[in-house]
Amino acid sequence: MSESPAVRSGYLLSSYVREIADVHYGLRCLRLRLSELRPDNREDDVLRAMDSALRPMIQAGKVRVFHLPDSDYLLSFHRDHMDEVRALLIRLRFLVPDDPLNEYFAGPAEEDNPLLQWWRLEDDFSRLRALAEDLEAEVSAGGRPSGGSGAVRAAAREAAAEDERIRAERLGLGTEGEAGASGSDDADTALDPERAMAALLPPLASGPGAAAPLRATGPDARWTRQERPGQSQGRRLKPIDLEILDRLQNGIAGADLSNHVRRQPVCALVGSAPPQPVFSEVFVSIPALQETIAPSIDITANRWLFLHFTEILDHRVLSWLMQEGGRLARTGIAININIPTILSEHFLRFEQVLSAGIHGTVILEVRVEDVFADLEAFAFARDFVHQRGYRLCLDFLSPDRIAMLDRDRMGIDLLKLFWTPGLPRQLETPTGQRVAERLRRGEHGRTILARCDDPAAIALGRSLDITLFQGHHVDRLVSDAEAPPAQDRRR
């Protein structure tokens, strides 16, 4: 016998109203007015992704969700789960990033806005009952059996079953539903390549052994000179040169990257709610890869050869994602990538393989120095990926770098600010204070605080109103939230 779908038909709302008639104190209802979104943001692939995002809380018994005939969703839950629902809304927001109403997903709890309508059932139960009665009346008006409340209820159940069957077929679901202001005080420098490059890049040392600022290839991919593989074991590494790079290129071409690909979630943290994964960053662990293919080579010794190495690696990662990316992208992924790679045939092939319906769940993370190295190429790449529904995240940022940037003017969707123990002090400087004010004024909804390795990072992010976090401490919070209760572990 098939099980009920995760999201139920609105025609069953009257049964739910009768169920909670005497026990609705403390319950909240949220009408998510998807009917107000742009038509392209109400297409089947978006609704399918929303069902997938809602399913864990439904299956955990924390929320009931009804799909209304006008495409709105009605969520009912106890007030104790308010923070979890708000974290869920942040995840849903990422499914419709370009909608004019997108910002309202992050609106204050229990404050109505054009997208969210809140009901406190101890005060508004009559409104919920009226909605249920309207849906029952719609069933009767549709020519279904009448002649008493029992017949109407039976007709409602029949209408609900038909509604759920049609919706499941349309969305390709199984019986369980499977399948701000960013103004800058120095905005005129945002697209000035000479001034921006001077401010954003560290000075280049000369010579083949010059230290290279490492490209953003994932949370584990950056290491200091003291942390580089081999050095901690007393090995002397040979600096990379053109001949070695050519050999590495051939080695990567035949390497199995599956053992080196990592995933790390970016999570919404709201109040006391457990972390809500929004998407995952997919990256190659360069330290692990180096230990495998070139344990005696310092591949970061020459900045420009290292950048070329990462472009080669980009191509291999895209090839790997052509096989795995469709499955991963349905839950949202971020990919570290160079601008030249976006403009290459490798990306075109990847783009053609990936289903157009899930482009909006893919975020492309680029480094700020890559952007300003060739602004014309960046502008072309930005317009190209936005036209196809991808989003851009500017990676590896500090307060000083954010102060130099105007996200809106650059056409960037997200910023990734990196936590360091010195970040609180940086935010106390005049520049840091301006950046903190920008974040609190609205940019927090477009900012991820990354490399959060201890609770102090989360505390700082929350003081800036940031809700998106990534890092090893967040990983531990996710693991703790997913662990079974202590009594279950003892069984």
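The values are calculated or read from the model by the stated rules, or taken from the named source; none is laboratory data. It should be emphasised that the depicted structure is a prediction, and the values quoted were computed from it without experimental measurement. Positions of Cβ are backbone-derived with ideal geometry, glycine not excepted, and every protein chain shown enters the neighbour counts.
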If you check Gly461, Gly432, Gly389, Gly445, which single one turns out to be outside any helix (DSSP H, G or I) and among the small types (Gly, Ala, Ser)?
Gly389
Would the range 404-412 turn up any residue that is buried (at least 17 other Cβ atoms within 10 Å of the Cβ), assigned to a strand (DSSP E or B) and out of contact with any Pro (no Cβ under 6 Å at 6 or more places or on another chain)?
no
Of all residues making up the range 369-401, the number that are closer than 22 Å to Leu468 by Cβ and either among the hydroxyl-bearing types (Ser, Thr, Tyr) or within 20 Å of the chain's Cα centre (by Cα) (or both):
13
Of the numbered conditions (1) modelled with pLDDT of 55 or more; (2) crowded, with 16+ Cβ neighbours inside 10 Å; (3) at positive phi, Gly177 satisfies every one except a single condition; which is it?
(1)
How many residues does the range 282-319 hold that are aromatic (Phe, Trp, Tyr) and surrounded by fewer than 16 Cβ atoms within 10 Å (Cβ to Cβ)?
1
Identify, from the list Val474, Val478, the residue that is β-branched (Val, Ile, Thr), surrounded by fewer than 20 Cβ atoms within 10 Å (Cβ to Cβ) and within 30 Å of Asp99 (Cα to Cα).
Val478
Identify, from the list Ala450, Ala456, Ala373, the residue that is buried (at least 23 other Cβ atoms within 10 Å of the Cβ) and touching a Pro at 6+ places or on another chain (Cβ under 9 Å).
Ala450
Give the range 5-16 a look and list any residue that's out of contact with any strand residue (DSSP E or B) (no Cβ under 8 Å at 6 or more places or on another chain) and buried (at least 20 other Cβ atoms within 10 Å of the Cβ), or say none.
Pro5, Tyr11, Ser14
Among the numbered conditions (1) within 18 Å of Ile339 (Cα to Cα); (2) in a loop (DSSP other than H, G, I, E, B), tell me where Pro421 comes up short.
(1)
Is there a residue being over 30 Å from Ser463 (Cβ atoms) and modelled with pLDDT under 85 anywhere in the range 273-285?
yes
Pick from Leu392, Leu364, Leu405: which is touching a His at 6+ places or on another chain (Cβ under 8 Å) and within 30 Å of Glu437 (Cβ to Cβ)?
Leu392
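Here is a yes/no grid of residues against (1) closer than 15 Å to Leu131 by Cα; (2) surrounded by fewer than 20 Cβ atoms within 10 Å (Cβ to Cβ); (3) in contact with a helix residue (DSSP H, G or I) (Cβ under 8 Å, 6 or more places away or on another chain):
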| site | (1), (2), (3) |
| --- | --- |
| Cys29 | yes, no, yes |
| Pro39 | no, yes, no |
| Met50 | no, no, yes |
| Pro56 | no, yes, no |
Select from the range 41-62 the residues that are farther than 16 Å from Arg93 by Cβ and modelled with pLDDT under 90 and list them in ascending order.
Glu43, Asp44, Asp45, Arg48
Qualifying residues in the range 99-143 (those that are acidic (Asp, Glu) and either within 30 Å of Arg440 (Cα to Cα) or in contact with a His (Cβ under 9 Å, 6 or more places away or on another chain) (or both)) - the one surrounded by the most Cβ atoms within 10 Å (Cβ to Cβ)
Asp99
